[in-house]
């Protein structure tokens with residue numbers, strides 16, 4: 001996982017492995033469709049990530065397992081992808097059950113840890129490294145204490161767990177004992193940060209090319225802010241060379257710019273990103289020297305737009321607001337990047353390569369399969 005493809009060419013060719021480029025458009029749409037199906041089974045959902053969702057089944061009693069099997073079958077029919085379901089009294093146990101359902105065929109895709117005998121069977125065989133919230137550092141400390149399975153961690157003394165891994169590990173032990181410590185979030189909490197990062201299809205050896213890429217990322221970040229009704233207080237910019245090619249000159253940079261006033265305007269974020277990049281740039285502007293292969297924008301200090309701190313003498317931004325509204329309206333109607341800022345450029349040599357991307361069947365009419373009779 002995470003290994004660069006060029007290091008695995010021989011393995012891919014020898015075993016006939018199918019390598020595919022990332023296809024986030026397709027992933028996001030399939031995730032949305034899965035959530036729609038799950039909503040028909042329970043009104044309370046906690047969408048944890050693009051491929052994980054917690055579902056409240058507390059009202060189904062002994063029918064939980066049957067409901068879970070029905071959910072799995074519905075997703076397979078209506079969305080077309082396989083899934084597994086883990087049932088438990090806490091989020092940690094539900095995640096553990098899901099892992100068991102994926103790895104052990106005896107569960108037929110649904111593992112129910114509400115049953116004490118099943119819970120004991122699974123926890124006695126589950127390595128601690130597979131438990132949600134146990135990182136490599138914590139795993140090493142627990143192994144030193146002789147704790148190797150989920151069952152042993154469940155029975156671990158809480159005071160000692162707190163001493164080894166702070167209150168986080170103490171809560172994890174309680175979750176394994178069936179005591180819920182991680183809240184079920186019906187309404188997603190306000191985002192604390194936001195990021196737009198991309199690898200470059202061609203190394204970015206000049207500042208102009210890097211600025212184009214960062215301008216595009218800042219534009220997308222501003223769109224995401226407005227979609228969520230948020231403003232940002234800090235713009236963080238980073239870019240680095242390819243760490244997998246140590247024989248080439250290496251450099252990485254990260255710089256931050258404060259926004260005053262806090263903003264979600266495209267032009268503010270682009271200006272801040274370029275200013276930060278200039279401070280971190282290292283190389284010959286004519287194109288010699290470093291070739292940066294990844295760049296990104298990270299937004300911090302997010303607030304709801306209506307909660308933005310007031311200024312004694314606020315600048316008049318009515319024109320900028322109208323421009324960003326018009327930009328969003330045009331791109332919503334005619335498609336992304338129909339209209340963009342000039343700083344993004346037109347050649348876009350920095351665009352991420354996707355030579356092996358599968359078709360975006362569900363969101364692109366032009367990529368639908370065609371049947372010829």
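Just so you know, all these numbers are worked out from the coordinates, no wet-lab data involved. Given the structure is predicted, the values throughout are model-derived calculations rather than measurements. Please note: Cβ atoms are built from the backbone with ideal geometry, for glycine as well, and neighbour counts cover all protein chains shown.
Couple of notes before you dig in:
- Annotation: peptides 307-320, 267-280, 242-255, ranked by per-residue average of other Cβ atoms within 10 Å with the highest first, follow the order 267-280, 242-255, 307-320.
- Structural descriptor for the chain: relative contact order 16 percent, calculated from alpha carbon pairs under 8 angstrom and at least 6 residues apart.
- Note on the range 18-176: antiparallel DSSP beta bridges, both residues inside, total approximately 60 percent of the bridges counted.
- P(r) histogram, all alpha-carbon pairs of the range 18-176 included - 5 Å bins from 0, percent: 2, 9, 17, 19, 16, 15, 11, 8, 3, 0
- Spacing of the two label points (7 Å from each Cα toward its C-beta) at residue 333 and residue 180, in nm: 4.7 nm
- Distance from the C-alpha centroid of the range 169-223 to that of the range 99-134: 29 Å, rounded to the whole angstrom.
- Largest first, the extents of the alpha carbon coordinates of the chain on the three principal axes equal 67, 67, 48 Å.
- Against the chain, whose longest principal axis comes from its Cα atoms, helix 207-227 is set at around 60 degrees.
- Gaussian network model of the chain, springs between alpha carbon atoms under 10 Å - residue of 50, 330, 12 with greatest fluctuation: 12
- From most to least packed by mean Cβ count within 10 Å, the peptides 91-104, 122-135 give 91-104, 122-135.
- Value of relative contact order over the range 18-176, rounded to a whole percent, pairs C-alpha under 8 Å and six or more apart: 14 percent
- Alpha carbon Rg of the range 289-335, scaled by the compact-globule rule 2.2 N^0.38 Å: 1.76
- Rounded to the nearest 500, the 222 nm mean residue ellipticity of the chain from helices alone is -12500 deg cm²/dmol, with -39,500 (n - 2.57) taken per DSSP H run of at least 4 residues.
- Remark: the residue 316-residue 279 segment gains 10.5 nm on full extension, using 0.36 nm per residue and subtracting the alpha carbon distance.
- Antiparallel DSSP beta bridges within the chain, as percent of all bridges there, nearest 5: 90 percent
- The packing ranking of peptides 358-366, 14-22, highest mean first, is 358-366, 14-22, where packing means the average number of other beta carbon atoms within 10 angstrom of each residue.
- Shape of the range 102-193, Cα gyration tensor, a/c cut at 1.5: oblate
- The range 231-265 and the range 65-89 have Cα centres spaced 41 Å apart.
- Rg/Rg_ref, the range 216-291, where Rg_ref = 2.2 N^0.38 Å and atoms are Cα: 1.29
- Overall size of the range 130-175 from C-alpha positions, given as principal axis extents largest first: 19, 19, 17 Å.
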